[in-house]
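Remarks on the structure that follows.
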Amino acid sequence: MEKRNFENDLRECILCEHRCGVDRTCGELGVCRMAGPAVASRTLHPAPPESYTIFVAGCNLKCLGCQNWTISQYPDNCMAVEGYVDPRLLAVESISMLESPAGARMGADRIFFSGGEPTIHLPFIESVIAEARRFRPGLKVNYDTNGFMTEKSLMRVLAFTTSMTFDIKAYYDDTMRAIAGTSVEPVLRNAEIVGRTARDKLWEYRIVAIPEINEDDIKPLCRFLASISRELPVAFLAFRPNFVLDEHCGAQREFIRTCVEQAKAAGLKNVTYAGMTNIPGNTGTLRGEVKEAYERPGARLAASYAHSKGCSTHPRDCGACRSASNCPIKKYIPYRNC
Ligand code: SF4
Ligand code: SF4
């Protein structure tokens, strides 16, 4: 893989579907609010696929239930991250950790890029991989993404990645806007491209099942994925109260069972689930006047949580929001993380 000068891509940044066009090299900030690349943390990680995981800082989405909010909403939440790490250093360290006794015991066999959203630092990640493959040409890589990238960025990712863990948060646009502040169309488009043209690289689609919020999305989403291929791997993750949804209830065991049944009824053959269930919390109460902006009850409920924490643009559209440089959601500190 060609070694890139990763600053070139940041001069008029269109790495993700926000297509901000800002010059990040001179400090202009787009929706992700990140100038240069930054690493939040890195560690050997036992969750499949076992790996040396590099969590990058920052994200292009503002998902209300983000479990990694300390990382994803950096820098506006003022949490500490490691910062810039030289790609060659990161590459050498990754290989040495994979080859260490602890890495071997764990069965760690790849570098796993997560975040936050790796796509906002895509050229940096390409540089790390190019350096790492100079030492180990066949080195495996996993790319963990929210899917909100341009097709061009997706092609770049598919050119280097061995496996992909691909989050899909919703099927309906207003649910996605309420949960994440963006349109769902590019995510479904990219999910379909991966499912049709790069099935061998797909580790799994991951769907966080949030009670009362994306419940109505599960069935059509499963049908959509099954229409691409019934063999596609899908994992449901039980929502745990977090970030702006800190008061909301966790996913009930029964709800997760229903998700799995709906996926199988849609024809999907490769369905799993994970995560802690039945964490108590609130249900069903709207916290703000957002009704007219959203068609579905689940979207209204999610948006009302955002409204109660200061998000005043509805339907949520972080790419066009005038408050983006002073977003109250990015600064929100939850009272609990489950
Ligand atoms: S949000 Fe996306 S397009 Fe905008 S600056 Fe960040 S990476 Fe670039
Ligand atoms: S205030 Fe604006 S930028 Fe912040 S989450 Fe709401 S819509 Fe997005």
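The values are calculated or read from the model by the stated rules, or taken from the named source; none is laboratory data. From a predicted model like this one, the values you see are computed outputs, not experimental measurements. For neighbour counting, all protein chains shown are included, and Cβ atoms are generated from backbone atoms with ideal geometry for every residue, glycine included. Just so you know, the surface numbers come from the protein's heavy atoms only, side chains and all, with ligands and any DNA or RNA stripped out. Shrake-Rupley method; radii C 1.70, N 1.55, O 1.52, S 1.80 Å.
Using the C-alpha gyration tensor of the range 1-167, what are the square roots of 5 times its eigenvalues, in whole angstrom, with the largest one first?
Values for the range 1-167, descending: 24, 18, 15 Å.
The solvent-accessible area of ASP317, taken with every protein chain present and a 1.4 Å probe, is close to 60 Å². With kT/(6 pi eta Rh) evaluated at 10 °C and eta = 1.306 mPa s, and Rh the Kirkwood radius from Cα pairs, the range 165-319 diffuses with a coefficient of 101 µm²/s according to Stokes-Einstein.
Membrane-span-like helices in the chain, defined purely by DSSP H runs whose alpha carbon atoms cover 24 Å or more axially and whose average Kyte-Doolittle hydropathy reaches -1.0, do not occur. A DSSP coil position with no more than 15 other Cβ atoms inside 10 Å describes the following trypsin sites (Lys or Arg not before Pro) in the range 10-59: ARG11, ARG19.
Computed with a 1.4 Å probe on the full set of protein chains, the accessible area for ILE71 sits at about 20 Å². With both bridge residues required to lie in the chain, what share of the DSSP beta bridges run antiparallel, to the nearest 5%? Bridges in the chain are about 25 percent antiparallel. Estimated from the Cβ-Cβ distance and a Förster radius of 45 angstrom, the FRET efficiency linking ARG11 and ARG223 is about 0.60.
Counting Lys and Arg as +1 and Asp and Glu as -1, each charge on the Cβ, what is the dipole of the range 146-197 about the Cα centre in debye, to the nearest 20?
So the magnitude is around 180 debye.
Residue order by solvent-accessible surface for CYS259, CYS66 is CYS66, CYS259, largest first, with ligands and nucleic acids left out and a 1.4 Å probe. Cross-link partners for LYS264 among the aspartates and glutamates, with Cα-Cα distance under 18 Å and sequence neighbours closer than 8 places in the same chain left out: GLU204, GLU215, ASP216, ASP217, GLU231, GLU254. Rolling a 1.4 Å probe across the protein heavy atoms gives the chain an accessible surface of 41 Å² per residue.
Compare the Cα positions of HIS121, PHE160, CYS20 along the charge dipole of the range 1-167 (+1 at Cβ of Lys, Arg; -1 at Cβ of Asp, Glu; about the Cα centre) and return the one farthest towards the positive end. Comparing the listed Cα positions along the dipole, PHE160 ranks first.
About its Cα centre, the dipole of the chain is roughly 340 debye, where the only charges are +1 on Lys and Arg Cβ and -1 on Asp and Glu Cβ.
Taking the Kirkwood radius as Rh and the Cα radius of gyration as Rg, the range 267-338 has a ratio of Rg/Rh equal to 1.07. Value of Rg to Rh for the chain, rounded to two decimals, is 0.95; Kirkwood radius and Rg both from alpha-carbon coordinates. In the chain, the portion of solvent-accessible area held by carbon and sulfur atoms comes to 50 percent [1.4 Å probe, whole percent, DNA, RNA and ligands not counted]. When the C-alpha to C-alpha distance is required to be over 23 Å, the pairs from LYS152/LYS219; LYS62/LYS309; LYS201/LYS269; LYS62/LYS291; LYS219/LYS309; LYS152/LYS330 that qualify are LYS152/LYS219; LYS219/LYS309; LYS152/LYS330.
Computed over the alpha-carbon atoms, the range 136-228 gives an Rg to Rh ratio of 0.99, Rh here being the Kirkwood radius from the mean inverse distance.
Rounded to the nearest 20, the Cβ-based charge dipole of the range 197-338 about its Cα centre (Lys and Arg +1, Asp and Glu -1) stands at 280 debye.
So, taking all protein chains as they sit and a 1.4 Å probe, how much accessible area belongs to CYS26, in Å² rounded to tens? Here the residue's solvent-accessible area equals roughly 90 Å². Put simply, the Cα atoms of the range 1-64 extend 37, 37, 19 Å along their principal axes, the longest span coming first. Projecting the Cα atoms of VAL39, TYR143, PRO75 onto the charge dipole of the chain (Cβ charges, centred on the Cα centre) puts TYR143 farthest toward the positive pole.
Each of ALA91, SER183, PHE6 was placed along the dipole of the chain (beta-carbon charges, centred on the mean Cα), and the one lying farthest toward the positive end is ALA91.
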